[in-house]
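**Q** Submitted below is the structure of interest, expressed as structure tokens.
FYI, it's all coordinate maths here, none of it is from the lab. From a predicted model like this one, the values you see are computed outputs, not experimental measurements. Heads up, the Cβs are rebuilt from the backbone with ideal geometry, glycines too, and the neighbour counts pull from every protein chain shown.
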Amino acid sequence: MTETLVHVENLTKHFPITKGIVIERVVGAVRAVDGISFDIQKGETLGLVGESGCGKTTAGRTLLGLYPATSGKTIIDTHSVHDAKGSELMHIRRKAQMIFQDPYASLNPRWTVNAIVSEPLRVHKLITNQQERDARVKDLLELVGLNARHINRFPHEFSGGQRQRIGIARALASDPLFIVCDEPISALDVSIQAQVVNLLEKLQDQLSLTYLFVAHDLSMVRHICDRVAVMYLGVIVEIAERNDLYETPLHPYTQALLSAVPVPDPRKERARKRTILVGDVPSPINPPSGCRFHPRCPVAVEKCKTHVPEWREAAPQHWVACHLVNG
């Protein structure tokens with residue numbers, strides 16, 4: 001039996017567009033996340049993929065409560081994120097952490113590694129004794145593959161990969177259950193990316209962690225994730241088990257994304273069919289009617305322009321929103 005740790009239901013985040021200097025008025029909204037729903041089981045990794053600007057990072061930050069939700073709800077470990085206050089909110093903050101995309105911007109340059117990693121311990125009052133806090137920080141640094149003797153160094157004294165490991169250590173300090181990994185390897189050299197992903201997998205096994213892994217590198221997502229959700233222009237168009245999604249993608253957008261992933265075998269690369277999308281991603285301020293993908297979809301029909309596709313289970317544990325897929 002699997003236990004649901006994270007439940008997201010119709011989560012929406014709109015950023016208002018205002019006009020006027022003396023008297024501001026709302027004239028529109030950027031519909032960054034526009035009603036997404038999914039569950040994450042305890043101990044699994046759910047990948048969230050899509051083009052730049054589709055709302056992946058906003059979704060991750062909103063479900064953690066870093067952005068206030070416009071509507072919808074997120075439940076993490078039986079606690080409602082967007083309704084929580086006081087001690088309940090502090091409990092969620094402790095048990096749900098985030099690893100940020102840019103290790104150069106997410107660490108305070110004026111703080112030592114000790115101050116950065118021990119901050120969650122101090123805020124949540126987990127360890128009040130300074131010596132015990134220092135010992136815990138050293139243990140965390142060694143856990144993520146850093147030298148504990150560097151505890152009093154500053155972020156600028158580390159490489160990009162090492163800084164990301166410091167960010168991981170900070171996220172682990174409060175003993176979380178759930179971590180949002182917001183493209184944690186995209187700012188790193190290719191040679192370092194695999195090391196960080198392997199570290200995340202090792203930590204997941206050791207500490208029974210649950211991940212939401214936001215990324216655009218589809219080959220890396222296949223390596224680390226158990227299930228994958230595909231996002232386009234603020235909505236999720238397909239969710240499936242990792243192998244099902246990569247071997248039998250159902251949504252035309254998913255097919256186009258996967259066709260762009262290079263194959264190591266030159267013969268297979270020459271023989272396979274490519275799906276080339278035309279045009280640009282529409283503006284999230286005024287998304288298309290019906291299916292949001294229809295202006296760029298190579299197989300769109302008239303119904304796609306006017307009717308929002310139903311979210312249906314086309315195969316066991318394989319959900320898709322497309323008029324042309326039979327469920």
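**Q** Please list, ordered by first then second residue, the pairs with beta carbon atoms under 9 Å, 6 or more apart or interchain, first in segment 32-44 and over 26 Å from Glu201 (Cβ atoms) and touching a residue at least 40 places away in the same chain (Cβ under 8 Å), second surrounded by fewer than 18 Cβ atoms within 10 Å (Cβ to Cβ) and hydrophobic (A, V, I, L, M, F, W, C).
**A** Ala32/Phe15; Ser37/Trp311
**Q** Take Met98 and decide whether it is crowded, with 19+ Cβ neighbours inside 10 Å and either in contact with an Asp or Glu (Cβ under 8 Å, 6 or more places away or on another chain) or over 18 Å from Ala229 (Cβ atoms) (or both). Lay out the reasoning, then the answer.
**A** Values: crowded, with 19+ Cβ neighbours inside 10 Å: yes; either in contact with an Asp or Glu (Cβ under 8 Å, 6 or more places away or on another chain) or over 18 Å from Ala229 (Cβ atoms) (or both): yes.
Considered against the rule, which asks whether it is crowded, with 19+ Cβ neighbours inside 10 Å and either in contact with an Asp or Glu (Cβ under 8 Å, 6 or more places away or on another chain) or over 18 Å from Ala229 (Cβ atoms) (or both), Met98 comes out as yes.
**Q** Within segment 102-115, restricting attention to residues that are in contact (Cβ under 8 Å) with a residue 60 or more places away in the chain and touching a helix residue (DSSP H, G or I) at 6+ places or on another chain (Cβ under 7 Å), which residue is nearest to Arg153 (Cα to Cα)?
**A** Let us first name the residues in segment 102-115 that are in contact (Cβ under 8 Å) with a residue 60 or more places away in the chain, namely 102-104, 106-107.
Filter once more, so that each one left must be touching a helix residue (DSSP H, G or I) at 6+ places or on another chain (Cβ under 7 Å): 103-104, 106-107.
Working: Pro103: 15, Tyr104: 15, Ser106: 16, Leu107: 12 Å.
Taking the candidates together, the pick is Leu107.
**Q** What's the total number of residues in segment 101-136 that are farther than 11 Å from Ser174 by Cα and within 26 Å of the chain's Cα centre (by Cα)?
**A** Final tally of qualifying residues: 11.
**Q** Filter segment 120-133 for residues that are surrounded by 17 or more Cβ atoms within 10 Å (Cβ to Cβ) and among the charged types (D, E, K, R) and give the result.
**A** Step one: list which residues in segment 120-133 are surrounded by 17 or more Cβ atoms within 10 Å (Cβ to Cβ), which gives 120-121, 127, 133.
Across segment 120-133, the qualifying residue is only Arg133.
**Q** Another one. State whether the residues of segment 199-211 include one that is touching a helix residue (DSSP H, G or I) at 6+ places or on another chain (Cβ under 8 Å) and either among the small types (Gly, Ala, Ser) or part of a loop (DSSP other than H, G, I, E, B) (or both).
**A** The answer is yes; a qualifying residue exists.
**Q** With the checklist (1) surrounded by fewer than 18 Cβ atoms within 10 Å (Cβ to Cβ); (2) under 20 Å from Thr45 (Cα atoms); (3) free of Cβ contacts under 8 Å to residues at least 24 places away in the same chain in hand, flag the one item Arg222 doesn't pass.
**A** Only one criterion in (1) surrounded by fewer than 18 Cβ atoms within 10 Å (Cβ to Cβ); (2) under 20 Å from Thr45 (Cα atoms); (3) free of Cβ contacts under 8 Å to residues at least 24 places away in the same chain is unmet by Arg222, namely (3).
**Q** Scan segment 128-178 for residues that are touching a residue at least 40 places away in the same chain (Cβ under 8 Å) and over 17 Å from Tyr104 (Cβ atoms) and report the count.
**A** So the answer is 11.
**Q** Still on this model: Is one or more of the residues making up segment 230-246 without any contact (Cβ under 8 Å) to a residue 60 or more places away in the chain, under 30 Å from Ile17 (Cβ atoms) and surrounded by fewer than 15 Cβ atoms within 10 Å (Cβ to Cβ)? Full working, then the answer.
**A** Of all residues in segment 230-246, those without any contact (Cβ under 8 Å) to a residue 60 or more places away in the chain come to 243, 246.
Those left that are additionally under 30 Å from Ile17 (Cβ atoms): none.
Among the residues of segment 230-246, not one is without any contact (Cβ under 8 Å) to a residue 60 or more places away in the chain, under 30 Å from Ile17 (Cβ atoms) and surrounded by fewer than 15 Cβ atoms within 10 Å (Cβ to Cβ), which makes the answer no.
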